[in-house]
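K.L.:
Before I ask anything, let me first share the structure, which is written out below as structure tokens.
The numbers here are math on the coordinates, done by the rules we state, and not lab data. Predicted, not measured: the structure shown is a model, and the values here were computed from it. Here Cβ is always computed from backbone atoms with ideal geometry, including for glycine, and neighbour counts include all displayed protein chains.
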Amino acid sequence: MVTGLRTRDDLMHATGAEQGWREAYYFDFIDPDSGLSGFGYSGVHPNQQIGDVIFALWKGDRLLARFTRWDFNIPRDIGEERMDFGPLCFRQREPFKAWTMLFDDGSCRLQLDFKAIHHAYYWADSEAALAETNSHHYEQQGRYTGYATVGSDRYVIDGVGVRDHAWGWGARAEISNWLWASAQFSREFAFNVFQLSLGDGRDIHYGYVYRGGENDFLHRSRLNAGYAKLNQTPERFEVELETRSGQQLSAVGRVLNTFDISHQELNKQGYHYFCATEYESGAHKGYGYANFFWKNHACRPMDWRVNGR
């Protein structure tokens, strides 16, 4: 049941007065059969008149295509176009159920249809810690089908992944680190966890376990991450989750490829990685993404527990 969201929340919102107000869409996918994985992100800060787009497409650990730009000239009154600038755009087909992601930079073309497998998970339904910032965020897992072409090569994609949508006065400038992990094992088994440290020192988390029916919100979580010795990029991590209903889950994530945008974003300074990931939970194998951020190496996520309220 979507409790805190309205149908119109799946689209754009009126711009707030805060200088840091933003709205952003993010879609990621991974197809284990073809080895294709990738993601697309588009965000706007209308009061700063800037927008950014991030896109990456991989086959295994080989990067096929990429696009990053942080300084699109965005008008203050941008409306529908905030889902459609630069080479990336998103199209809603049915609220909270079906979307399409499109990318075309002349050398890489991609079209993917997303169909949700569960109700959108709205952060405010399970944790109100960011309420004072007027920051809103929800995410949803689903199946992706479509194609990509890179030069003369054409790839068919049939995979899994997540999408999310955020708007409001973001608190990311005050966050010292986070680790976000999303995994899908089947149409009736998925999880998501997002642990972060706020500027005032509080550790909080968002997330759920989905086993058909409704999303079961997290009560406790633990993430234990390992990194490469030389360049310190993420390599693997362990997840331990306990939901409010008492359900327990553990999983291991193995990073398949890493897209590094560290110290590139205008509105956030630090180390930032998008990682296609293979997951194992008992006898189940799944796929998804993980997202790592830390301001400096002293606060890099390692062994980290968060207890719910």
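K.L.:
For an R0 of 45 angstrom, estimate the FRET efficiency from the Cβ-Cβ distance between residue 245 and residue 34 and round to the nearest 0.05. Write out the running numbers ahead of the final one.
P.N.:
Details: r = 36 Å, r/R0 = 0.80.
Efficiency at R0 = 45 Å is approximately 0.80.
K.L.:
Over 26 Å between Cα atoms: which of 97/268; 115/295; 59/295; 115/285 fall into that group?
P.N.:
Long pairs (Cα-Cα over 26 Å): 97/268; 115/295; 59/295.
K.L.:
So if R0 is 35 Å, what FRET efficiency would residue 264 and residue 93 give, r being the distance between their Cβ atoms, rounded to the nearest 0.05?
P.N.:
0.65
K.L.:
Based on the Cβ-Cβ distance of residue 80 and residue 303, what FRET efficiency does E = 1/(1 + (r/R0)^6) give at R0 = 51 Å, to the nearest 0.05?
P.N.:
The computed FRET efficiency comes out at 0.70.
K.L.:
What is the distance in Å between the Cα centres of region 151-220 and region 78-150?
P.N.:
13 Å
K.L.:
Working out 0.36 nm times the residue gap between residue 66 and residue 233, then minus their Cα-Cα distance, what length gain in nm do you get to one decimal?
P.N.:
That pair, residue 66 and residue 233, stretches by 58.3 nm at full extension.
K.L.:
Sort 37, 250, 245 so the one with the fewest other Cβ atoms within 10 Å of its own Cβ comes first.
P.N.:
By the 10 Å Cβ count, ascending: 245, 250, 37.
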